[in-house]
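No lab work stands behind these numbers, since they all come straight from the coordinates. Since this is a predicted model, take the numbers as computed values, not measurements. Because the Cβ atoms are built from the backbone with ideal geometry, glycine has one as well, and the counts that use them run over all protein chains shown.
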């Protein structure tokens, strides 16, 4: 890597650090500096990469809003001692599809509603019972101006559990990453928004527990059947012989 590219990489990383301070302190694994260098972390969400991808960029207003999506492995160091959050509800490594958008100042409120509607359109055909929460200010992280949480009923927990969320971060991130748009030769900072399209472990919990009948058979929602080779249900596998321990 030449000096110019190395300098740009370091500059972008320094701008990312304030944005991700909450993640670094609370929810992300840091790597051993002796083996991996200084300030190296495992990513907790693809939002980090998508925001960094647009660092130091200027966009024409006619091209906005810009909508991106990515699937990635996510690593979270967060833990919980709550009994209802045991098992696969809160795990340290999982796969997640993340949506990310940049808009003008005037577009961001409508974009947040657009992302929320996309999430509802994704989840509604799955046959799970869900609710949307407009989160109060004390529940928001440092970057978020407004946030929706989507929760699904999980019979095993006998309560709702969060399966998705979306946030409008206004210009909190774009000021640090220097992401701007040009309007009649005047440059302004974009607004950034993000939302979860699917977090695999919790979605599996909601699907399996909602569609399991009393005999243990799991009915597959019709919209998912084409991805399951046309199967309509999941039953106990009888093709594999039972293993017996011999003393």
Legend entry - Exposure proxy order (Cβ contacts within 10 Å, fewest to most) of 63, 96: 63, 96
Legend entry - Part-to-part distance (alpha-carbon centres) for segment 206-247 and segment 120-188, which is given in Å: 33
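Going by how many other Cβ atoms sit within 10 Å of their own, how do 198, 169 line up, fewest first?
Numbers: 198 17, 169 24.
Lowest count first: 198, 169.
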Legend entry - Relative pair counts by distance (%), Cα atoms of segment 44-234, 5 Å bins: 1, 7, 14, 17, 18, 15, 10, 7, 5, 3, 1, 0, 0, 0
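How do 175, 116 line up, fewest other C-beta atoms within 10 Å first? Let's see the in-between values first.
Working: 175 15, 116 18.
Going from least to most buried by this count: 175, 116.
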